[in-house]
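Please read the structure below before turning to the comments.
The values are calculated or read from the model by the stated rules, or taken from the named source; none is laboratory data. If you're wondering where the values come from, they're calculated on a predicted model, not measured in any experiment. Backbone-built Cβ (ideal geometry, glycine too); neighbour counts: all protein chains shown. Surface accessibility is based on the protein's heavy atoms, side chains included, excluding ligands, DNA and RNA. Shrake-Rupley method; radii C 1.70, N 1.55, O 1.52, S 1.80 Å.
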Amino acid sequence: MVFKERALDVFKQNWFNSVFVNKCLDSYKNYKSMFCFEKYLDLLPIPLRSHLSKLPLCSIKLAIETGRYGNNAIDRNRRFCSLCGLHEIEDEYQFVFLCPAYDRLRKMYVKPVYYVGPSVCKFVELMKSDSLLELLKLATYIVNAIQLRKLLLN
């Protein structure tokens, strides 16, 4: 039993260190500070669960992620959203709360308390929500925003 607990502790410490030194996970580490099971994995149906998990896993292909690839890598501070002229870095926070291209979707699926006067704290609060309704709406927002993004960029 002691060996198992020690092995788990070592794993958690290694996980924590790998997350906190990885620049790709800057947004993720704001709302995931402990190694534990995420409740939304049980709450949401599989298709929505998979879309919601795209945010913390950086798999939406936002500029913050795609700008680091290849020979033409873009400095992290210049990975702006190509859908708006706000000169904001296109990361998960900007994608959910700031980009005007998604205003209509945001108003449909995200409570105003989050996006009116947006902050990283509100983003963290939304991502950590235990509310099934909020998580369903956020996942649906992500599905629709990804589709709209693809449409607008092509």
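Within the range 122-133, the set of residues being under 13 Å from Leu52 (Cβ atoms), open to solvent by 10 Å² or more (accessible area, probe 1.4 Å) and within 15 Å of the chain's Cα centre (by Cα) comprises Met127, Lys128, Ser129.
Every residue, every condition in (1) at pLDDT 80 or above; (2) under 30 Å from Glu88 (Cα atoms); (3) among the aromatic types (Phe, Trp, Tyr); (4) not in a loop (DSSP other than H, G, I, E, B), yes or no:
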{"position": "Gln13", "(1), (2), (3), (4)": "no, no, no, yes"}
{"position": "Val19", "(1), (2), (3), (4)": "no, yes, no, yes"}
{"position": "Lys29", "(1), (2), (3), (4)": "no, yes, no, yes"}
{"position": "Phe37", "(1), (2), (3), (4)": "no, no, yes, no"}
{"position": "Leu41", "(1), (2), (3), (4)": "no, no, no, yes"}
{"position": "Leu55", "(1), (2), (3), (4)": "no, yes, no, no"}
{"position": "Ser59", "(1), (2), (3), (4)": "no, yes, no, no"}
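Restricting to the range 84-121, and then to whatever is in a loop (DSSP other than H, G, I, E, B) and within 18 Å of the chain's Cα centre (by Cα), can you tell me which residue is surrounded by the fewest Cβ atoms within 10 Å (Cβ to Cβ)? Selected residue: Ser119. Here's a check for you: in the range 67-83, which residue that is in contact (Cβ under 8 Å) with a residue 12 or more places away in the chain and not in a loop (DSSP other than H, G, I, E, B) is surrounded by the fewest Cβ atoms within 10 Å (Cβ to Cβ)? Filtering the range 67-83 for residues that are in contact (Cβ under 8 Å) with a residue 12 or more places away in the chain and not in a loop (DSSP other than H, G, I, E, B), the one surrounded by the fewest Cβ atoms within 10 Å (Cβ to Cβ) comes out as Asn77.
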